[in-house]
Every structure is written in C-alpha cells, then in structure tokens.
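All remarks here apply to the structure that follows.
Just so it is clear, none of the values below were taken in a lab; they were calculated from the coordinates. In this text, all values refer to a predicted model and were calculated from it rather than measured experimentally. When we count neighbours, we look across all protein chains shown, and the Cβ atoms used for this are built from the backbone with ideal geometry, even at glycine.
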Amino acid sequence: MRAGAAGSRAARAAAVVVLLAAVALAAGSARPSSARKPLRYPSKCVNDAATHRGRPIFAQLRRLHVRVWSSGISWAKIARRRPKRPRLPSDPAYRWPANLGRMLDQARKDGIEPVLYVNGFPSWSNGDRDSSWAPQNPQDYANFMAAAVRRYPQVRRWIVFSEPSNYVNFRPQGDDGKRAPRLYARLLDASYSAMHAARRNVVVIGGNVHPAGFNDETTTAPDTFLENMVLPDGRRPRLDMFGINPYTERPLNMGLPHLPHRVDFDDLDWLVRQLDRDYPGKRTRLFVDEFGWNTEHSAGGWLYVVSRRKQAASLPLAFRLAARLGRIDTMCWFELYDSPPEKRGNQWWNWTSGLRTFPGVRKPSWAAFARVPSGPSQLQR
C-alpha cells in the first residue's frame, strides 16, 4: 500500500515537472523578446585634476578601466585682458595653461577621452565684478568657447559651465529661480552656435546643475532651473547633452517620488521625462559630471557622507541603476583622490569622496570601481 502510494506520488511529480517544462518552453517560443537584454553601462569616468602631487593620474585611470576624464579651465584666468580677436586662440590676450595640452595628449594616449568645463568670468566682461558674475554680453563667453575648441582639438565634448545654479559659481541667482537660468540659457545658446562653427562635430553639454536649491539669491533648484532655462523668445537653448551632478542622501532607488526643489540620483528617470517634453524627439542623453559620497566627514555643509564600506557597496549599485535607466551617456565619479585636508574653525571643507585618501591609501571603493564595467569608448579624433 505504501509502495503503491509512493509510486503514484512519484508519477504525479514527474508529470508536473514535464508539464512545467513544456509550459516554459512554449512561453519562451511565444515571447522570445522577453529575455532580459544585457545592461548598457555608461562610459566610466573620473572627475579630478590631471595630477596629484605633481604626478599625472592617467596611468591609474587606465588601471581602473576608465573611459573618460573630466576637469575644468577658467576663462577668467586665461583672458585677464579683453582679446581683440576673441575666437582665435592665438590672440595675445590669452594665457593658456602651460601643461594642459600635454595632459590632454597623455589622456588620449592612455585611451581616455578628456572632457572640459569652462567656469569663471573675467572682470572686463561683467562690469568689474568678481569671477562668479555673469558677463554683460553672453557672446563674449561664446567667443572664448570657440577659441578653446580650436585651441584643444583633443577635446570633443565640452561642458558649458559647471553648476550655474549655485551663486558660488554663477551670479546673479534669485527672482524666484528665474534669473540665473534665463541668463544661462543665452550663454548656452550663443556658445552652441560659436562652438559648432569652430568644429562641426563638437558635443555641447548644457545645464550642468547641482542637486538641490532654494530659489533665492544663493541657489536655484535644479527642477526650477530646467523649467526656466529658456531664451527671451521662449525657445529652449540648443544643447547636445544635458549635464547634472546628482548627489543624493537618499537610498538608491529610482522608484522613489520626485521631491520639489531637487533632482538627485533617484530623480534621473524624472529628469529624462522632462527633457523629452522640453526637447521633443531628441531623447537627450545625460552626462553625470560629478557623483559620489564623502567618507570621512561632510564638506562645507554638504551632507553626502557614508562609511568607506557603504561607499564601496553603493558605488556599483549606482552604476547598475544608471545602466538600467539607459539614458546616461557618461557617469563621472568625483575625485580619484580626496582633496587636501582643510578645516575652517570647526568645519571641514575638503571633499573626501575619492577612491583614495589624499596621502594615497586605497579605500574599498577603489576595487569596487575597478570592477564596474567600462561602458563604451567615445574617444574620437
């Protein structure tokens, strides 16, 4: 009796297995497209200075399988006098950084694409104010961008200003979040025209907002900035990619709701929907120029702080979520090395988001970053 029951149960179990296998096979035949496609990772990037303690960082970036290196130059420092022929890099008024061309050549030799942003407004352009004040004529900045494009043929992708939504870099802000984005829109559109005239295949990255703001005289919220980034005639300024620095204090989860006055990493799906609305038919891709978490302490009021262990665990998850979104072209980790320790009173001001400490000790995130897929190479002549 027991033997018969056991045999019956075995027969039924075998039949169920066969039936499930048949169902699975039929489902696979009916829906061949249901198989998950491999993730397309963004091009892996590091944003930092070209050297650390006098030594180029590119050999280390190569060991980390980095595709892109991002850094910046200052218009205010290069053009202390008004040039007579501003679109020509040979104008005597320009004082280009002594070793930058060599650094760009070295990056490309190591298989790494260099990307540059341009910040800082010379006093002759903005009514003799400090370098954070926007120029009175946006065309002056655009002319310099054309000269820079001609000066550095090693660079194909250029960021038209980093974080124009923050008064530290770009003023004036205020007017309920309308002033800065409207000024910036004119700057961006003029630059787009001048840069593409200088080099047809240049890629202009615009927007480049930081993750949160107050719509006051200090900062403009990134969602407000995008809403008001329009030209006087109501058109959107031209751009080839949209840049953003989406630091976040929240858990990494793009299913979380968009919160007003911020666009952090969890809002990037929201951001691409807004860009599709504002630039219909373009499917504008994102360039993440800065991302990461401090590990040692907050920096100048920024609270993006986690343990070294948490940084190493969160880093690959962020890149994986970026790959799933499918609209992030390039994703730059902010700092290879922590910046030099600096304490003012009781507050630290140096960033500690690096993969290594300032003296050079590797954090656990070094190995985690090395394992992140490199994404496509975009190095072009």
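Among the numbered criteria (1) within 24 Å of residue 351 (Cα to Cα); (2) over 19 Å from the mean Cα position of the chain (by Cα); (3) of a type in the set (A, V, I, L, M, F, W, C), which single criterion is violated by residue 61?
The failed condition is (2).
Select from segment 110-146 the residues that are in contact with a Ser or Thr (Cβ under 6 Å, 6 or more places away or on another chain) and either part of a helix (DSSP H, G or I) or not hydrophobic (A, V, I, L, M, F, W, C) (or both) and list them in ascending order.
Within segment 110-146, 117, 119, 120, 135, 140, 142, 145 qualify.
Quickly run through segment 82-104 and pick out the residues that are out of contact with any Phe, Trp or Tyr (no Cβ under 7 Å at 6 or more places or on another chain), in a loop (DSSP other than H, G, I, E, B) and farther than 16 Å from residue 158 by Cβ.
84, 85, 88, 90, 91, 92, 93, 94, 95, 98, 99
Against the condition in a loop (DSSP other than H, G, I, E, B) and surrounded by fewer than 15 Cβ atoms within 10 Å (Cβ to Cβ), how does residue 257 come out, does it pass? So that I can check it myself, show each step before the final result.
On the way: in a loop (DSSP other than H, G, I, E, B): yes; surrounded by fewer than 15 Cβ atoms within 10 Å (Cβ to Cβ): yes.
Here the answer is yes, as residue 257 does meet what is asked.
Kindly indicate which of 107, 49 is surrounded by 21 or more Cβ atoms within 10 Å (Cβ to Cβ) and either free of Cβ contacts under 8 Å to residues at least 24 places away in the same chain or assigned to a helix (DSSP H, G or I) (or both). Can you show your working first?
Details: 49 fails: surrounded by 21 or more Cβ atoms within 10 Å (Cβ to Cβ).
Every option except 107 fails the conditions.
Which one is surrounded by the most Cβ atoms within 10 Å (Cβ to Cβ), of the residues in segment 121-147 that are aliphatic (A, V, I, L, M) and under 23 Å from the mean Cα position of the chain (by Cα)? Full working, then the answer.
From segment 121-147, those aliphatic (A, V, I, L, M) are 134, 142, 145-147; that's our starting set.
Imposing the further condition that a residue be under 23 Å from the mean Cα position of the chain (by Cα) reduces the set to 134, 142, 145-146.
Working: 134: 22, 142: 25, 145: 27, 146: 23.
Among residues in segment 121-147 that are aliphatic (A, V, I, L, M) and under 23 Å from the mean Cα position of the chain (by Cα), the one surrounded by the most Cβ atoms within 10 Å (Cβ to Cβ) is 145.
Can you tell me how many residues in segment 135-165 are of a type in the set (A, V, I, L, M) and more than 18 Å from residue 243 (Cβ to Cβ)? Even if it seems obvious, please write down each step before you answer.
Filtering segment 135-165 for residues of a type in the set (A, V, I, L, M) gives 142, 145-149, 155, 159-160.
Of the ones still in play, those that are also more than 18 Å from residue 243 (Cβ to Cβ) are 146-147.
Qualifying residue count for the region: 2.
Among the residues of segment 154-172, is there at least one that is in contact with a Lys or Arg (Cβ under 9 Å, 6 or more places away or on another chain) and under 22 Å from residue 68 (Cα atoms)? Outline the logic, then answer.
Quick first cut of segment 154-172, residues in contact with a Lys or Arg (Cβ under 9 Å, 6 or more places away or on another chain) only: 154, 156, 171-172.
Next cut, under 22 Å from residue 68 (Cα atoms) only: 154, 156.
Taking every residue of segment 154-172 in turn, at least one turns out to be in contact with a Lys or Arg (Cβ under 9 Å, 6 or more places away or on another chain) and under 22 Å from residue 68 (Cα atoms).
Pairs under 8 Å by beta carbon, first residue under 9 Å from residue 212 (Cα atoms) in segment 246-267, partner outside any loop (DSSP other than H, G, I, E, B) and among the β-branched types (Val, Ile, Thr), six or more apart or different chains?
Between residues of segment 246-267 that are under 9 Å from residue 212 (Cα atoms) and residues that are outside any loop (DSSP other than H, G, I, E, B) and among the β-branched types (Val, Ile, Thr), the close pairs are 246/288; 261/224; 263/209; 263/244.
For segment 159-188, which positions are assigned to a loop (DSSP other than H, G, I, E, B), under 20 Å from residue 148 (Cβ atoms) and of a type in the set (Ser, Thr, Tyr)? Walk me through how you get there before you give the answer.
Step one: filter segment 159-188 for residues assigned to a loop (DSSP other than H, G, I, E, B), giving 160-165, 167-170, 172-178.
Subsequent filtering for residues that are under 20 Å from residue 148 (Cβ atoms) retains 160-164, 169-170.
Within segment 159-188, 162 is the sole residue that qualifies.
Would you pick out the residues in segment 328-381 that are surrounded by fewer than 18 Cβ atoms within 10 Å (Cβ to Cβ), part of a loop (DSSP other than H, G, I, E, B), hydrophobic (A, V, I, L, M, F, W, C) and within 22 Å of the chain's Cα centre (by Cα)?
Listed by number, the residues that qualify are 349, 379.
Out of 277, 308, which single residue is basic (Lys, Arg) and either surrounded by fewer than 14 Cβ atoms within 10 Å (Cβ to Cβ) or closer than 23 Å to residue 116 by Cα (or both)?
Values: 308 fails: either surrounded by fewer than 14 Cβ atoms within 10 Å (Cβ to Cβ) or closer than 23 Å to residue 116 by Cα (or both).
Residue meeting the stated conditions: 277.
Quick check on segment 300-327: of everything there that is charged (D, E, K, R) and in a helix (DSSP H, G or I), which residue is nearest to residue 62 (Cα to Cα)?
In the first step, residues of segment 300-327 are kept if they are charged (D, E, K, R); the result is 308-310, 320, 324, 327.
Subset that is in a helix (DSSP H, G or I): 308-310, 320, 324.
Working: 308: 23, 309: 24, 310: 25, 320: 21, 324: 25 Å.
Restricting to residues being charged (D, E, K, R) and in a helix (DSSP H, G or I), the top hit is 320.
Would you check if there is a residue in segment 230-241 being touching a residue at least 24 places away in the same chain (Cβ under 8 Å), assigned to a helix (DSSP H, G or I), more than 18 Å from residue 158 (Cβ to Cβ) and touching a Lys or Arg at 6+ places or on another chain (Cβ under 9 Å)?
Checked against the condition, which is being touching a residue at least 24 places away in the same chain (Cβ under 8 Å), assigned to a helix (DSSP H, G or I), more than 18 Å from residue 158 (Cβ to Cβ) and touching a Lys or Arg at 6+ places or on another chain (Cβ under 9 Å), segment 230-241 yields no hits at all.
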